[in-house]
Every structure is written in structure tokens, then in C-alpha cells.
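What follows is calculated from the coordinates using simple rules that are stated; it is not laboratory data. The structure displayed is predicted, hence computed values, not measured ones. Note that each Cβ is placed from the backbone with ideal geometry, even for glycine, and that neighbours are counted across all protein chains shown.
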4 protein chains.
Amino acid sequence: MQLGLIGLGKMGGNMRDRIRAAGHEVIGYDPRPEVTDVDSLEALAAALTPPRTVWVMVPSGEITRNTIKALAEVLEPGDLVIDGGNSRYTDDGPHAALLGERGIHFVDCGVSGGVWGKENGYGLMAGGAPEDIERAMPIFDALRPEGPREEGFAHAGPVGAGHFAKMVHNGVEYGLMQAYAEGYELLQAAELVENVPAVLRAWSRGTVVRSWLLDLLVRALAEDPELAKLEAYVEDSGEGRWTIEEAITHAVPLPVISAALFARFASRQESSPAMRAVAALRHQFGGHAVRFAAGPSGAPGQTAGPSGPTP
Amino acid sequence: MQLGLIGLGKMGGNMRDRIRAAGHEVIGYDPRPEVTDVDSLEALAAALTPPRTVWVMVPSGEITRNTIKALAEVLEPGDLVIDGGNSRYTDDGPHAALLGERGIHFVDCGVSGGVWGKENGYGLMAGGAPEDIERAMPIFDALRPEGPREEGFAHAGPVGAGHFAKMVHNGVEYGLMQAYAEGYELLQAAELVENVPAVLRAWSRGTVVRSWLLDLLVRALAEDPELAKLEAYVEDSGEGRWTIEEAITHAVPLPVISAALFARFASRQESSPAMRAVAALRHQFGGHAVRFAAGPSGAPGQTAGPSGPTP
Amino acid sequence: MQLGLIGLGKMGGNMRDRIRAAGHEVIGYDPRPEVTDVDSLEALAAALTPPRTVWVMVPSGEITRNTIKALAEVLEPGDLVIDGGNSRYTDDGPHAALLGERGIHFVDCGVSGGVWGKENGYGLMAGGAPEDIERAMPIFDALRPEGPREEGFAHAGPVGAGHFAKMVHNGVEYGLMQAYAEGYELLQAAELVENVPAVLRAWSRGTVVRSWLLDLLVRALAEDPELAKLEAYVEDSGEGRWTIEEAITHAVPLPVISAALFARFASRQESSPAMRAVAALRHQFGGHAVRFAAGPSGAPGQTAGPSGPTP
Amino acid sequence: MQLGLIGLGKMGGNMRDRIRAAGHEVIGYDPRPEVTDVDSLEALAAALTPPRTVWVMVPSGEITRNTIKALAEVLEPGDLVIDGGNSRYTDDGPHAALLGERGIHFVDCGVSGGVWGKENGYGLMAGGAPEDIERAMPIFDALRPEGPREEGFAHAGPVGAGHFAKMVHNGVEYGLMQAYAEGYELLQAAELVENVPAVLRAWSRGTVVRSWLLDLLVRALAEDPELAKLEAYVEDSGEGRWTIEEAITHAVPLPVISAALFARFASRQESSPAMRAVAALRHQFGGHAVRFAAGPSGAPGQTAGPSGPTP
């Protein structure tokens, strides 16, 4: 079938390649002249035969919002817009309503797989009306991994359900990553295991913890066995935060996913105010060792107080 | 090669089958006449040609300890004992020393894979002297999954390192399981996703969170879509606790793995004393809704107090 | 001075008494005829000499919002409204703007102390313009505990800062309550300490952990030494959730406060879907003991599977 | 009464002063000539009239163990030894047994209050036989704060119960400190509250969160409003770790106390291996921003990769 694809960055560009490789016609639009197939959204609309299907793959928030608005102008009743970016699911209803006023259909689709998806296929979770999902199915089939459709694609529910499922997917991902990372650190710290990368590699097959994330960690350790080239500084990209916020809304306890998110927050702090407060309390007790911040000379901070019995 | 195998339960029995299928001779011993190949440990020793290799696959703790002691009596200098059970790594040194006094070699080996290992192969992490590891390699090769040896087997380090690696493996497993479980619960609770099992199944390929544990959860949901047949009651089997204790020894923060362990503890409580204490505090504030325990009549507990502004 | 007070529930009624005891004139309004001093908001406005000061002490959200709107109708330019309820701080800006259009001033004030405040005084955190704070100071002085003003009252910042400070106060409260509760449970569980209530009571003076919350727990244990009369069921009232949401907005790690909130969520679950999912995974491993839910006969759930080595 | 006191450091020296101020005779021993009253343990024993009472106030572990052993040599049947240090409760049984072989009695006593105890009195939790507790009561009364005995002293149970109660006390303390610290950080981060120290000071009276720890934090902020003089580096002193280990033994969930302990562990890490592992995973995804460690030139680390949609 024919697809308009907006956003030809790392994700969108790869997806264009994969969809084309499956035999579909893709007309891509991107503001960067060196990658785009057409010069404008208007040109994109003109190049597509109605009823059109247009996949939006741009950063979530402002840019997605503006793109949806612009599409409401250039598309026509009966066309279909799919937001495949990482939009918060609460954006989907308004986007569907905005397009719906013009008779344009809307589907949201969470896409997982990163740069590896071009080759492996992408895991897809879509939300929308059954007939809209059905209409885009050739594209979903092109993007998803080979194998049974239901192992790489789900029609999760009505508009918003796709992005909701993707949000939870990413929350789970935070927890999984932190679990492996904690295990890695403990193996390193104990110093009984002589070859930590080898142990993680041996978990690749047969064990209970085997997974794609483990495969990536094994890869990373093969490239840098001590993980010495990277700082212990970890960003987060929205979905983890949204997951906790949803959990709070629904009174669902998420101790593991929240701990993983907070570990990322803490990793980015130069000097934790909370831990300075705990140090200050210990200092007030009297007799507890604390570290004073370095003076203007840059001399290392000093330690005060012998460790006596704890109050 | 020839192997003595002690313990023919679910794990040991399957392992015997797999090792035999790889062309080795296995003589198994188990106290249950219906599964054993020989009548006693003495008979096992007599049936094996020196230098013998004997794999112990019995419950950790007391039973493993007694088995090792008994082997120290019936084996001879130059023989090799492999403890493949879930012993705490701190038991390995004493076991190696006990056997070493008799000139008997010792290797510890963590084995992962459960009942699935018979078909898929087992992930193996071994600790011991290089020459002892080398000697047992045909057995390790028989047990581990097909594919490159280093993806299913590691010589982790000296005696104890195998069980240490397995302990951490299981700690990571706790974190992974809890992460998926939290995601499952949030998907259920929000009610936007109409078919939660379908979404989890769609994570099976292409996504970042794909894993063997996910495959098992998909299987479980296929059998019981609401997970209504099971109680929210989760046991733990030692390794998770030991992992936290090791982390404390080495001052390694394990927020995720500990949260997963504590969630299991909490799942087994009829009535949490801590949460009764929090309820009691709220009751003392005055004006906060709390629930009184049911009286002897079995009548449902009553709620007291309208919810006013929180103090 | 003269004060209008809207809302004469447990908190408002006590506050009326305390303010009157300090020598001020309080005219209270409440929809319940048996407690109100006037029949309507209009009557309240008529009974107060301009420029009026009106304290709102009603449930947060809808009811506070409606009260503010009604006050915008009946009050006049130059009057002052103080919201002393547990409003989310994000409501304060809109309320101030709504009143501001009519020339009516606004102050938000977090109030802590519960039913004990009538006798002990209330801790107060106010947000607003300095001149508005100054104007209401006689009331703040009447409500706050005796002693230095700054130990029971703070002008926290502009509009919203009072409720923000109160929100964080309540978040901290969640963490403190859970910390005592965990200690209580461990003392109980270990069974080495023979008289747990006596130990907690001995913490009342001299120790590092002495506090008003501890005093309340000691009181509760004096009334019910096993805390047997209460269910392990703990509600939460908004501020704890808002605290976590703010932390997420500002990327502040709150492992303790979030753990305390999630423990409350979990306390209210009949059967945790997450823990059923973990149990289901363990059941899939094969050989792990799990508990099946009771059948329709009400027979107790059964346990399946001997505990073999953990996969 | 007459008391021998071993260990005249910050705690022991203050305790000697307080006990003497209550009218008792204290003969102190310390290896430092400038503070000791006698030259040796033998001289201490000789200076005390049988039956003797000797209070040991030295660092826990090795030094306490050696002191107990030495006392077993120099004391006589019918004497009483009180260990007031921060020994792990599991040490108490062996110490009691060692002394018991010589007919010497033993009591363990947890002491809380730090340097403030000299003036305020110390919170005391004692374990031992009722008659031994009774015998030492004049000393306990001298040490504990004024007011009802049971608000500053508890006979917690048999030998070990005093140190167990003190261990849990310190675990609770970790949770409380972290709760305040998290609240402090959030108040700082949000920047809506203009004067954070003033808000914390206003919590001192009337609020639900008022406590002695809060008073200390207010003091610390008065001295250093930004807590800029201290590093975010917090040690831990054993009891917190033991508390978690006990919780694991008794399957008691301690999410808050463990989170507080792990926050301290993390505060002391230059570069968290776990968070480097998470960063490495994100780097493997492709397209995620990570920070590379500084090169040998000391140049600041670089950031790689634009933030595209999260896999």
C-alpha cells in the first residue's frame, strides 16, 4: 500500500527502509532537504492517493501536536493519521478529536525496538477503531518482526491504548535494566567472580534471566569490560515518569519501577541535597564522621569526628 | 564420560536424561528405589571407575552437607565432586576443605533453567580449579544449551564463584519478575487496554522487554487470562535473601532487588503489623477513616471517621 | 480582630474555639444549622465589617473551588480570603486570580495538627503577599502553638507556597509513619523483645527517634497492645500522591516517601495482581510451591509442588 | 551506688559526669592516662567493693569482646557486667555465657542520645535477668532523662533484647532521617518556597512531623542555610545493616528502612557501576544521550546522541 511518513530521523528513516523492503510505497517528509522525499506537508498530501494513510514519527509533545494540527489542514475526510511517536497517551484523545472534526481518522501506535528494529522488526501496540487498525495492517505487518502477528503486534484497545501500553512497556524496561545493573554491580563488588562479563554472557542461553536486554549488556561489556568509558549518568525520557504518575492515579504499587526511576534521578545529581541533610543530622549528633566540602583552594574535603557509638 | 549423579528429583532426573542423551554414562543414586540406579552411595562409588566424577543435585543446606560428608567417606583421592544444587556460596569453601582433606577435588556449579532445561539446556556457572573444570567439561557441554559454549557456561572463578554467580542470577530474576508483574498490574488497573494478555504477547518479539520470563508470563496468561486461579502469595527460596545480605556486606545499593524481595514477604502476610501501626497512627490523629477488625461474629470490619483535612 | 470562618467540621469547629479563646471575634458559617452562626455566605459577608477576612476550611477540590467562587460574589474589593484546607497548591493560583479579578486578596495556609491542634496549637505555613500575611497575623498567632512565632508559623513564599509546604510536610509524615511501623513490626516479629509497647514507650525521652508521632504510637499501643482492633488497611489522602508527582516533575528521588505511599496502596488490595503474576511465573518454572485460589466451595486454597532447586 | 565504667570517650566520659552528678561513685578506666581514674582493669576491680557492677562503653566487636574476656579474668562470681555499647545483639549470648562460666552476671543495654545525652539524659533499653536489671536500676535512673522511668527506660527482655531494641531504634532512625531529607530536597528543588529553613523551623511546634531530629535539622540549617559546607556523603554504622539482615531472617518487609540504607551506600560511590551499566544499555539502544567519561586530559566528558523516541 501507499504510506506518507513524517519524520525521517533515526527511527523514521529506518522504518521507511523496512516498509519499502516489504514492498510498500513510502513517501517521506522531513524538514531536512537531504532526507525528505517531498518539500512540504502539502506536497505530501498531494503525492498520496486518497484515502491517505500518514504515519507521524516525530518527537512527542509540541512537535507532534503541531504536526497533527498541520495535518488537519492538509488532509481530507476519510484519511488516516497514525501517531507512532512516544506521545503521552493523554495526548491521543485531543489529537483524535481535532482530526475527527475534519473527518480524519486517528490511530496511536507505540513502537519498540530502537535502531535494531530496522533489521529485527519493531514491537507494535496500537489503539483505535478496529476498521482503522485493519486498514493500516499491511504497514503494521511490514514493521513488526517476522513470526506470528500476535507476537509482535497488538490492537490494545481504543484510541490511547497503544501509547498507554508503550508507556507501561517502557516503565517495565526501567525495572529490568536496573535489575541487571544491580546484579552486575554486586558481581563486581564481591570480587569472588573473576570474570563478570563471562558470567553475564553465560546467562545468555538456558537461564531464567535470558533476554534481549541481557544480550545488549553482554555486547556492551564485550566492548568495554569495566564500563569505564561511560559516566554513571542516566537520563530518563518521560515514559518512566508517566508510568509512576499513572500508578499513583490508579493506586497501583510500583516499588521496583519507581526505584529504577529514582536511581536515574540520583545518578544525575552532583551533590544530593537530601544526603547533605542526612550528613548534617549526623554532624549534629556529635561525634560522627562527616565530610566537609572542599574549600576554594580545591583541597579535598576533610573528615571530622571519630566514629563512636551511634546515638 | 562416566558420571555419578546423586539426587534424581525433578532437576536431577531431567539432567540424567539430558546427559545420557548426549552419549555419556550416568549412574544415578536416589533414596527412592523406583528411580535409583544403585542402592547406596557405596554402590555408586563401586560402580564408577576411578578417578570418579560425582554430581550432587540435592536440596541445599543440611542434605547437601550430609551428602558431601558421606562422599568424603566413600570416594578416593583424585575423585571430583560437583555440587550443582542451590547451596549458599559460603558453604562451598568448607565442603571443598572437607573433601580436600581426603584428596578429593570440588567444583560448585550454579544451574539455571528449571524443568525447561531438559529440553533447552541449562545455564551453568562453575567455580573451582581450572583443571577440575576442564575435567568435567564434557558434562557441562551436555547440560548447557546448544550454541557457543560461553553463552551457556562460565568458569566464574575459584570455589564458591559458581554459586555466588547463581545467587546473583536469582536476585536479578526477582527484580525482573517484579518489573513485569508491576507492568501487568498497571495495564489491568487502568482499564484502557482491553486485552492485557494480547499486549504482553505482542511484547514477545521486537520490543526491548522481550525475554524468556515474558514468554512464561504470556503462557500463564494464555492458560488463565485473569490469573484468577492463583493466590497473590509468593514464596522465596533463599537466593534473594542471600543477595541482599551480600549487598549489605559490600555496601552495594540494591533498591530494585530488595523491593522485589520485600513484595514477596508482604504477599504472605495475613495482616501486616506495620500497616496496622500506620492505621493506628491515623486513628490517633482523629477524624481519619480506618477499618476496625471484624468482631467474633465474623461481621465485616467497620469504618470509622469521615475523612477531613489531613493533619 | 474579626474573622469569618467557613466550614465548622472537626477542624473548623476546633479552630473557631481556639481563635475565640484568644480574644477574637469569629463568625462561622456551615451548611449544618446546628453549628453555624449565620444562615448563608451572604449573611456572613453582611455580618463582617469591611475590609473582611474570611478563612475557608472545607474539603479540598470541588467544595473549596465552589466556596471560592461563591465568595467572589459576596465579598468586596479589599477583602481577604484565606484557604486553610488541604488544597493542592496548583489550585491556589487560579483561586487567587479569580478573587483578584474582584480586587479580593488571597492567602493559602497549610494547617497541621489535627484534632490535637485545638489544645496544642496548629503548625501553619502560609503563602501570599507580605501585606496580606501581615493582616492575618493575629489569627495566625491565635492558631499557632505558644512559643516563638517562627517555630509554629512560616510565611513560606508567594501564593501556593503554603500549600506546597504542607504537601511536603504530609509526604514526610508518610515516611516517618512507615519508618516507625516497620520498626514496630520487626520488634514484634523477632520475639526477642518481650514487651514491644514498653520499648517504644522508652523511646519517648532521650532517644534520637523521639517525636510526636512516636507519642501517638505509644498511646495507640497503650489502648490496644497488639493493635488487634484495626485492620492493616491504610488510606491516603492526596498529599502523599502529590508529593511524588512533584518529585517526578523536579527529578527529585524520593525512595522513602514513595515506598511509604506504595505500602498504603498495597495494604488496600484484596489480592495483588502483581503478586499473582509473580506466582504465575513461579508456577510456570515448574516445581515451585504456589497457592491456588479457593474453589467455589470456599475450601482453602491448595499448595502445589515441592520446593526443589530454584531455576 | 558504686560503678566501674570502662571506656571514657565522648559517650563514656559524658556518662561518668551524669552518673556522678546523680550522686553515685564512678571509677572510670580508659587506656588514655589523661582521662582514666585507675591504671588497669585489675586496679578497677580492686577499687570496687564486691559485688561489683561494671559498665562497658567501648566500640562494639573486637574491642568489646576483648574487654569482656578480660573482665571474666579480673571479676568475681556475683559481679555484674553491663555492655552499654552498640554491640550486635548476637554477641550478647556468647558474652553472657563466657561471664556466666565464672558466675558473673550480664546485662546488655542500648543507649541512645549521643552527645546530647549528658544534659538531656539517655534513652535506655536493657536486656537481662530481672534481678540484674533491678540491681543496676540506680544507674539506669541516673542516666535516663527526667520524667517517668518508663518513658526513658525499658527492660526489653532477656539477654540480647536491649541491643536488639537499640538496633531497631537505629534502623527506624535511618528511615526518619531520610524522610526529612527527602522533604528538604523537594522543598529546595521546587523553588516555590522562598525560605526552606523557615518552613522546617515552622514545623517545630504543632505539626504532625515535629520531633527531635527535626529540631536538629533546624539547627543545622540555622548554621548553614544551604547545607553547603557538607558533602553528600553519609556513612552508616552497622545497626542499619543489621536491621535489614534481621528483617530478612524474619521475612519482614522494610521498604523504607532499606531505602534509607541504600541511599547512604549510593551517597558514597564515586561512580555507580550499576548506573554505568544502565547507561551502557541505553547507549546500546542507539540514539540515546549518554555521557562519556573524561579522558586523561581531564576534559569534561562528552555527550553523545540526540534524544529520539525511546525504544
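Brief remarks on what is shown
- Among C:PRO33, C:PRO77, C:PRO145, residue whose mean-square fluctuation peaks in a GNM of chain C (springs only between Cα atoms under 10 Å): C:PRO33
- Largest GNM mean-square fluctuation among D:GLY23, D:GLY175, D:GLY162, using chain D with Cα springs under 10 Å: D:GLY23.
- Look at the stretch D:140-151: the mean tally of other chain Cβ atoms within 10 Å of its residues' Cβ atoms is 3.
- Among D:GLU245, D:GLU270, D:GLU134, the largest mean-square fluctuation in a Gaussian network model of chain D, built with springs joining Cα atoms closer than 10 Å, belongs to D:GLU270.
- Going from the fewest other Cβ atoms within 10 Å to the most, the residues B:VAL74, A:VAL81, B:VAL278, D:VAL234 appear in the order B:VAL74, A:VAL81, B:VAL278, D:VAL234.
- Percent of Cα pairs in the range A:166-267 per distance bin of 5 Å, from zero to the largest separation: 2, 12, 20, 21, 18, 14, 7, 4, 1, 0.
- Note on chain D: Rg/Rh from C-alpha atoms, Kirkwood Rh, equals 1.09.
- Of the GluC sites (Glu not before Pro) in the range C:65-124, the ones in a loop by DSSP (not H, G, I, E or B) with at most 10 other beta carbons within 10 Å are C:GLU101.
- A viscosity of 1.002 mPa s and a temperature of 20 °C, combined with the Kirkwood radius over Cα pairs in Stokes-Einstein, give a translational diffusion coefficient for the range A:52-114 of 188 µm²/s.
- Computed over the alpha-carbon atoms, the range C:89-239 gives an Rg to Rh ratio of 1.09, Rh here being the Kirkwood radius from the mean inverse distance.
- Angle between chain D longest axis and helix D:255-267 axis [Cα atoms, degrees, rounded to 10]: 70
- Axis angle, to the nearest 10 degrees, between helix B:161-190 and the longest C-alpha principal axis of chain B: 30 degrees.
- Distant-in-sequence amide H partners of A:VAL107 (H built 1.01 Å from N, under 5 Å): A:VAL81, A:ILE82, A:ASP83
- Alpha-carbon Rg/Rh ratio, for the range A:44-159, with Rh computed the Kirkwood way: 0.95
- Put in line by how crowded their Cβ is, counting other Cβ atoms within 10 Å and starting with the fewest, D:LEU230, A:LEU217 read D:LEU230, A:LEU217.
- Translational diffusion of the protein assembly as shown, µm² s⁻¹ [Kirkwood Rh, Cα pairs; Stokes-Einstein; 20 °C; 1.002 mPa s]: 64
- Secondary structure note: in the range D:65-214, about 40% of the DSSP beta bridges are antiparallel.
- Among beta bridges identified by DSSP and lying wholly in the protein assembly as shown, the antiparallel ones come to about 30 percent.
- Of all beta-carbon atoms in chain C, the one sitting closest to the axis that brings chain C onto chain D gives C:SER211, 2, with the distance in whole angstrom.
- Distances between copies of B:ILE63, taken at a point 7 Å out from Cα along the Cα→Cβ vector and listed shortest first: 4.7, 5.9, 6.1 nm.
- Between copies, the label points at A:GLU76 (set 7 angstrom from Cα along Cα-to-Cβ) are spaced 6.5, 9.3, 11.3 nm, reported in nanometres from shortest to longest.
- Summary for B:THR249: label point 7 Å along Cα→Cβ; distances to the equivalent points in the other copies, ascending, 1.6, 4.6, 4.6 nm.
- Taking Cα atoms only, the orientation of helix C:212-223 departs from the longest principal axis of chain C by about 60 degrees.
- For A:ARG102, C:ARG291, D:ARG264, order by how many other beta-carbon atoms lie within 10 Å, fewest first: A:ARG102, C:ARG291, D:ARG264
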